[in-house]
There are 2 protein chains.
Amino acid sequence: LQGWGREGDTLAVMEEMGKLGVDTSMTLGDRDFALCAHRASRLAAGERLSSITTDLASRFGIDDVTLIPASDDPIETHVQVDDGSWLDFQTYFVDRGHADAVSAIAFHGTVEADPAPGVIEAIDAADIVVIAPSNPPLSIWPILAIDPIAALIGAHPRVAAVSPLFAGKPVKGPADAVMAGIGLAEGTEGILEAYDGLIDVLFIDSGDRADVTRAATSETDLVAANTWLDEDNGPRFAAMLLEYMAR
Amino acid sequence: LQGWGREGDTLAVMEEMGKLGVDTSMTLGDRDFALCAHRASRLAAGERLSSITTDLASRFGIDDVTLIPASDDPIETHVQVDDGSWLDFQTYFVDRGHADAVSAIAFHGTVEADPAPGVIEAIDAADIVVIAPSNPPLSIWPILAIDPIAALIGAHPRVAAVSPLFAGKPVKGPADAVMAGIGLAEGTEGILEAYDGLIDVLFIDSGDRADVTRAATSETDLVAANTWLDEDNGPRFAAMLLEYMAR
């Protein structure tokens, strides 16, 4: 499972860059590369990420939802590995293939970072906030590290998260290893710790249904369901989640 | 005749960029784009153009000749058009399709620019200097605008140029129009004016052989030959030129 990219994309740029001596271990398809190069060029020209994102979403025909990045300001993830040294995220994840044991995580730039235009308003106006199934420390915490966003989500009455784990393991990536390395509990309990004080309901996979009784806390409901989000089950799961949260 | 690009290159990046709203009237193939993006990234990291060029030439298997850019410093071409305003070269040539009448040309940065490492030594050591068939004001003058290069070529005993004109017209591009616009004579005579004081022999196409007597000067030999440089005739012409210059 590669986990990124565009269906049917070609690899002419990567193949050529490989011949020119570029490290192409992080493969990007031609259409993906075009998008990244285009976005980088607009960022370099001073345009805000949120403005670029709005334009690109519209060009991709995404008109029925509003897509906003957490911030227009740069936020960097750094991890501490077994020998005590700190690596920036790209080095840890891409160059070294997330093979190092992680003992701590730090986010740089969060104090200076403001939520992007529309983020606060969107959370304020939302009937339900849903945290998608992703790596809590590496993918969701960088967003929650922006104080006004975490404060607003913590105060929101209906926040759901979807666990990225299936029998304690993510579909891909190092979520379970990173969570253990930084001292979170295993499995569903670790997800609850990662989102402590923020969420009202945690959706976990049916295969982990034993956790519903074992890990339940007074503050957070646990709901077991089929959380495998492919084209068939994704819409079904989303409808169920919305119905549950609307109670 | 497109005049640039790699044989059999694909257009995935340009097609995607077009969908993202980028002006793709200057088409670059995927392999071409990969090369340009790679070179731009190395330049941005502070590497010198001459060092990048040496590396890329070697990766393309060009081992039998030494390829050196004129300078590692930026030199910009600007043209004055009919309404008196000045346009940078990309705007004039690419965005506006070299449709404007040009009345003057200026090169910015030439005073600060040094010849790249090896350029002076290469001209010094050369038995023969050959100026390839190209647009004299727009493509060759930016090189000659670097004083030490022009001085060295002017003092060299055996300098040949190949006229880019066939019956007074270039194969493509605005050479004849630009030359007329800035006050050079038409045809072979204009090429001689453009290279005044620099060259010893001018090779012109057989179709223009009447110019050998008409435009000949005391300082410059004119030689008429088949100057159409395709895969068949290119090596034949080069061998003839070398033989002529070695007299």
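The values are calculated or read from the model by the stated rules, or taken from the named source; none is laboratory data. Just so it is clear, the model here is predicted, and its values are computed rather than measured. Using ideal geometry, Cβ is built from the backbone for each residue, glycine included, and neighbour counts are taken over all protein chains shown. The protein model used for the area step is the full one, side chains on, heavy atoms only, and it has no ligands, DNA or RNA in it. Shrake-Rupley method; radii C 1.70, N 1.55, O 1.52, S 1.80 Å.
So which residues in the range A:155-180 are in contact with a helix residue (DSSP H, G or I) (Cβ under 9 Å, 6 or more places away or on another chain), in contact (Cβ under 8 Å) with a residue 40 or more places away in the chain and in a helix (DSSP H, G or I)? Walk me through how you get there before you give the answer.
Going residue by residue through the range A:155-180, those that are in contact with a helix residue (DSSP H, G or I) (Cβ under 9 Å, 6 or more places away or on another chain) are A:156, A:158-170, A:173-176, A:178-180.
If we keep only those that are in contact (Cβ under 8 Å) with a residue 40 or more places away in the chain as well, we get A:158-163, A:165-168, A:173-175, A:178-179.
A:Ala175, A:Val178, A:Met179, listed by residue number.
Give me a count of the residues in the range B:1-23 that are surrounded by 12 or more Cβ atoms within 10 Å (Cβ to Cβ) and either under 24 Å from the mean Cα position of the chain (by Cα) or more than 10 Å from chain A (Cβ to nearest Cβ) (or both). Steps first, please.
At the first step, the residues of the range B:1-23 found to be surrounded by 12 or more Cβ atoms within 10 Å (Cβ to Cβ) are B:5-6, B:9-22.
Now restrict to residues that are either under 24 Å from the mean Cα position of the chain (by Cα) or more than 10 Å from chain A (Cβ to nearest Cβ) (or both): B:5-6, B:9.
Matching residues across the range B:1-23 total 3.
Quick one: how many residues across the range B:27-56 are assigned to a helix (DSSP H, G or I) and over 25 Å from B:Phe93 (Cβ atoms)? Break it down into steps so the answer makes sense when it comes.
Filtering the range B:27-56 down to residues assigned to a helix (DSSP H, G or I) leaves B:30-44, B:49-56.
Those still in the list that are over 25 Å from B:Phe93 (Cβ atoms) too: B:51, B:54-55.
So the answer is 3.
Does A:Ala99 meet the test of being assigned to a loop (DSSP other than H, G, I, E, B) and either within 12 Å of chain B (Cβ to nearest Cβ) or open to solvent by 50 Å² or more (accessible area, probe 1.4 Å) (or both)? Let's see the steps before the verdict.
Values: assigned to a loop (DSSP other than H, G, I, E, B): yes; either within 12 Å of chain B (Cβ to nearest Cβ) or open to solvent by 50 Å² or more (accessible area, probe 1.4 Å) (or both): yes.
It is true that A:Ala99 is assigned to a loop (DSSP other than H, G, I, E, B) and either within 12 Å of chain B (Cβ to nearest Cβ) or open to solvent by 50 Å² or more (accessible area, probe 1.4 Å) (or both).
Pairs needed: first member in the range A:108-126, closer than 12 Å to A:Pro69 by Cα; second member anywhere, of a type in the set (D, E, K, R) and open to solvent by less than 50 Å² (accessible area, probe 1.4 Å); C-beta distance under 8 Å; at least 6 residues apart or different chains.
Cβ pairs passing all conditions: A:Asp114/A:Asp72; A:Ala116/A:Asp72; A:Pro117/A:Asp72.
Every residue, every condition in (1) assigned by TED's automatic domain parsing to the domain that holds B:Ala132; (2) among the basic types (Lys, Arg); (3) farther than 24 Å from B:Val111 by Cβ, yes or no:
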site: B:Ser51; (1), (2), (3): no, no, no
site: B:Thr66; (1), (2), (3): no, no, yes
site: B:Asp82; (1), (2), (3): no, no, yes
site: B:Arg96; (1), (2), (3): no, yes, yes
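Could you pull out the residue among B:Thr110, B:Thr91 that is more than 14 Å from chain A (Cβ to nearest Cβ) and part of a loop (DSSP other than H, G, I, E, B)?
Working: B:Thr91 fails: part of a loop (DSSP other than H, G, I, E, B).
Just a single option satisfies the conditions, and that option is B:Thr110.
Residues in the range B:54-62: is at least one more than 14 Å from chain A (Cβ to nearest Cβ), farther than 24 Å from A:Ala40 by Cα and open to solvent by less than 30 Å² (accessible area, probe 1.4 Å)?
Applying the first criterion (more than 14 Å from chain A (Cβ to nearest Cβ)) to the range B:54-62 yields none.
No, there is no match, as no residue in the range B:54-62 is more than 14 Å from chain A (Cβ to nearest Cβ), farther than 24 Å from A:Ala40 by Cα and open to solvent by less than 30 Å² (accessible area, probe 1.4 Å).
Please go through the range B:181-231 and pick out each residue that is in contact (Cβ under 8 Å) with a residue 60 or more places away in the chain, within 13 Å of B:Pro137 (Cα to Cα) and open to solvent by less than 20 Å² (accessible area, probe 1.4 Å).
Within the range B:181-231, B:Tyr195 is the sole residue that qualifies.
Quick check on the range A:65-87: of everything there that is open to solvent by less than 60 Å² (accessible area, probe 1.4 Å) and in a strand (DSSP E or B), which residue is farthest from A:Ala126 (Cα to Cα)?
Of everything passing the filter in the range A:65-87, A:Val81 is farthest from A:Ala126 (Cα to Cα).
Can you tell me which residues in the range A:63-105 are aliphatic (A, V, I, L, M) and under 18 Å from A:Leu184 (Cβ atoms)?
Across the range A:63-105, the qualifying residues are A:Val79, A:Val81, A:Ala101, A:Val102, A:Ala104, A:Ile105.
Taking the range A:24-48 only, how many residues are open to solvent by 30 Å² or more (accessible area, probe 1.4 Å), touching a residue at least 24 places away in the same chain (Cβ under 8 Å) and within 9 Å of chain B (Cβ to nearest Cβ)?
1
For the range A:67-89, check the following and say yes or no: at least one residue is among the small types (Gly, Ala, Ser), in contact with a Gly (Cβ under 8 Å, 6 or more places away or on another chain), in contact (Cβ under 8 Å) with a residue 24 or more places away in the chain and more than 17 Å from A:Val178 (Cβ to Cβ).
Step one: list which residues in the range A:67-89 are among the small types (Gly, Ala, Ser), which gives A:70-71, A:84-85.
Add one more test, that the residue is in contact with a Gly (Cβ under 8 Å, 6 or more places away or on another chain), and what stays is none.
No, because not a single residue in the range A:67-89 is among the small types (Gly, Ala, Ser), in contact with a Gly (Cβ under 8 Å, 6 or more places away or on another chain), in contact (Cβ under 8 Å) with a residue 24 or more places away in the chain and more than 17 Å from A:Val178 (Cβ to Cβ).
Just the residues that are among the hydrophobic types (A, V, I, L, M, F, W, C) and in a loop (DSSP other than H, G, I, E, B), please, taken from the range B:181-203. Lay out the reasoning, then the answer.
Step one: filter the range B:181-203 for residues among the hydrophobic types (A, V, I, L, M, F, W, C), giving B:182, B:184-185, B:191-192, B:194, B:198-199, B:201-203.
Residues satisfying the conditions are B:Ile182, B:Leu184, B:Ala185, B:Leu198, B:Ile199.
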